[in-house]
There are 2 protein chains.
Amino acid sequence: MSDDKPPIEFWFDFISPFGWFASLRIDDLAAKHGRTVEWRSMLLGVSVMKVMGLKPLLDTPMKGDYVRRDAARYARRHGLAFLGADAVPVLNPLAPARAFQWVKAHAPDVHKAFAASLYSAYWTEARDISRPEVIGEIGAGHGLDPAALAAAVEGEEARELLRAEVAAALEAGVFGSPFFRVDGEPFWAVEKMELLEEWLSTGGW
Amino acid sequence: MSDDKPPIEFWFDFISPFGWFASLRIDDLAAKHGRTVEWRSMLLGVSVMKVMGLKPLLDTPMKGDYVRRDAARYARRHGLAFLGADAVPVLNPLAPARAFQWVKAHAPDVHKAFAASLYSAYWTEARDISRPEVIGEIGAGHGLDPAALAAAVEGEEARELLRAEVAAALEAGVFGSPFFRVDGEPFWAVEKMELLEEWLSTGGW
C-alpha cells in the first residue's frame, strides 16, 4: 500500500441506487490497488436537473423503464436485498446528504459505515431517511448522539458543508451517481468500475 | 453453433461513436456463444430528442465534455483511429441509415460490411456519409451499383424501410446506440457488452 497516491473520489447521491451499488464495492476495489477512497456527496437534482437541464431519470420515457430493470438485474446479479425505486418512499436527499457531510467532518471514523447504513435503510428497508429522527437513530447505531445528529441535520453547518461539496462536484465536472475520479480521470456509472480498475492496474492509457 | 437461438439484436445510429465501437465487436462476441447478430437502425434524434425530450448528448452541459473524453479514451484503449466528434462533419444520419436498410433488404450478404465502411469513413476519415454520391461510392467497394444505391437513398422504399425500423425500435424500448436485445433482455451502451456476454454464458439471472 502506498500512502503517496491521492484517494479515489467516490461521488454519490442517496437517491441513486447505482450509487448504493457502487458504495458496496469501491473501497475493496481501491484497496486492491493500494488506494483509499474519499466519499463525497453530490446532488443529482442540482447537476442533472438544474445544470444539465434534464428530467429525472426515472421520469424519462423509455429510459425510466430500462433503468428500473437494469437496477433490479444488478441487484439479482449481486445478491442484494434491493426493494426498487417504486417500493421506497420518495426521497428528498438533502437531509441524509447533509448528515453525511456533518458526520464526515465530526466523526470521520464512522462516516462511511453511517452512509452505508443510511443507504441500506432506504433501499432495503424503505425507511424515510430524510427524517432527522430516522437519521439520528441510524447514527446511534454508530455511536453518534441521535439528538445532536438530528439537530445538526437542520443546522447551518451541515447545510454549508453540503453546499460547498455540491459546488465542488460541479467544478469537477461530476454530474452523476456514482461518479469516480482517479487522479483527475473521470469515470461515470457503476458499469465503469471494471474500467476504473483496469486504469488503476495499468496506470491509464 | 445452434441455429435455434434467435439472433441478438444490435441497434445503432451512424451518428453514434459508441455504436461504431460496438459494431466492431458484437459479431465476434455473439459467435463465441453460438449466436448471430441482426444489425438494426435506430435514430437518436427520434428516441432521445422527440420521445424522451432530452437534448443531444454532446450539447448537454458537463455530460458532453465527459462523453467526448470517454469516447477518446475508449478509442485509445482499443487502438482505433477515431477522429472524435469535433473533427468530423455534422451528420444528418437519415441518408446512411436509409442506405443501410436498403442494402440489408437488397444485398444482405454485404450489409454489415457496408455499414462498417460507412461507419469507418465517417469516424476515421471524416467523410460526409450523408451525401448520396459518397454512399454510392462506399457501396461500390462492396460490389453495389453506386448510381442505383445513390438513387435508392433518396427513394421511397429506403425511407419506408427506415421509418418501420425506427418505429420498431421505439416499440421495443430501444432508445440509445448501441442498444442490444438478447431474447428480449435489453442492454444499453457499449459498457454493457461484458454483462451481455455474461448473460449469454449463464443464461441470465
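The values are calculated or read from the model by the stated rules, or taken from the named source; none is laboratory data. All figures in this text were calculated on a predicted structure; none of them were measured in a lab. Methodologically, a virtual Cβ is constructed for each residue, glycine included, from the backbone with ideal geometry; neighbour enumeration extends over all protein chains shown. In case anyone asks, the SASA skips ligands and DNA or RNA and just uses the protein heavy atoms, side chains included. Shrake-Rupley method; radii C 1.70, N 1.55, O 1.52, S 1.80 Å.
Within the stretch B:120-205, report the GluC sites (Glu not before Pro) that DSSP leaves as loop and that have at most 16 other Cβ atoms within 10 Å. Please list the in-between numbers first.
Numbers: sites: B:E125, B:E133, B:E137, B:E154, B:E156, B:E157, B:E160, B:E165, B:E171, B:E191, B:E194, B:E197, B:E198; in loops: B:E154.
Passing sites in the stretch B:120-205 are B:E154.
Mean per-residue shielding of peptide B:52-61 is 4, counting Cβ atoms of other chains within 10 Å of each Cβ.
What separates the A:E38 label point from its copies, with the point 7 Å along Cα to Cβ, is 5.1 nm, written shortest first.
From the protein chains alone at 1.4 Å, what is the descending order of accessible area for B:S117, A:S201, A:S41, largest first? All intermediate terms of the calculation are to be shown ahead of the outcome.
Numbers: B:S117 35, A:S201 80, A:S41 0 Å².
From most exposed to least exposed: A:S201, B:S117, A:S41.
What separates the B:D65 label point from its copies, with the point 7 Å along Cα to Cβ, is 3.5 nm, written shortest first. Counting only protein heavy atoms, probe 1.4 Å: which residues of the stretch B:159-177 lose 20 Å² or more of accessible surface in the full assembly compared with their chain by itself? For the stretch B:159-177, once contacts with the other chains are taken into account, B:F175 lose 20 Å² or more. Enclosing the Cα atoms of the stretch B:1-133 in their convex hull gives a volume equal to 126 cubic angstrom per residue. Inter-copy label distances at A:E156, using a point 7 Å along Cα-to-Cβ, come to 7.3 nm with the shortest given first.
Arrange the residues A:S130, A:S47 by how much accessible surface each exposes, largest first, with a 1.4 angstrom probe.
Numbers: A:S130 30, A:S47 0 Å².
Putting A:S130, A:S47 in descending order of accessible area: A:S130, A:S47.
With respect to the axis relating copies B and A by rotation, the chain B residue whose beta carbon is closest, plus that distance in Å, is B:E191, 2. Accessible surface buried by the B/A pair amounts to about 3100 Å², both sides summed, 1.4 Å probe. Compute the distance from the alpha-carbon center of the stretch B:186-202 to that of the stretch A:69-122, in whole Å. Their Cα centres are 26 Å away from one another.
Amide H to amide H distances under 5 Å link B:R127 with B:Y122, where only residues 5 or more positions off or on other chains count and H is placed in the peptide plane. Within the straight-line cut-off of under 16 Å between alpha carbons, the lysines reachable from A:K112 are A:K104, sequence neighbours fewer than 8 places apart in one chain being disregarded. Residues in the protein assembly as shown average 42 Å² of solvent-accessible surface per residue, probe 1.4 Å, ligands and nucleic acids excluded.
Put a plus charge on the Cβ of each Lys and Arg, a minus charge on the Cβ of each Asp and Glu, and nothing anywhere else: the dipole of the stretch A:23-117 about its Cα centre is then about 200 debye.
What is the average number of partner chain Cβ atoms found within 10 Å of a Cβ in A:191-197?
Working: counts 8, 2, 1, 3, 6, 0, 0.
Mean partner-chain Cβ count within 10 Å for A:191-197: 3.
For A:M49 and B:D145, the FRET efficiency from 1/(1 + (r/R0)^6), where r spans their Cβ atoms and R0 equals 51 Å, is about 0.50. When the alpha carbon gyration tensor of the stretch A:1-71 is reduced to an equivalent ellipsoid, the three semi-axes, largest first, read 30, 15, 8 Å.
Summary of the geometry: the stretch A:1-59 and the stretch B:1-39, compared by the centres of their Cα atoms, lie 31 Å apart.
Please work out the FRET efficiency for the pair A:R25 and B:A105, using the Cβ-Cβ distance as r and a Förster radius of 35 Å; give the result to the nearest 0.05. Don't skip to the answer; put the middle values down first.
Working: r = 46 Å, r/R0 = 1.31.
Given R0 = 35 Å and the Cβ-Cβ separation, E is 0.15.
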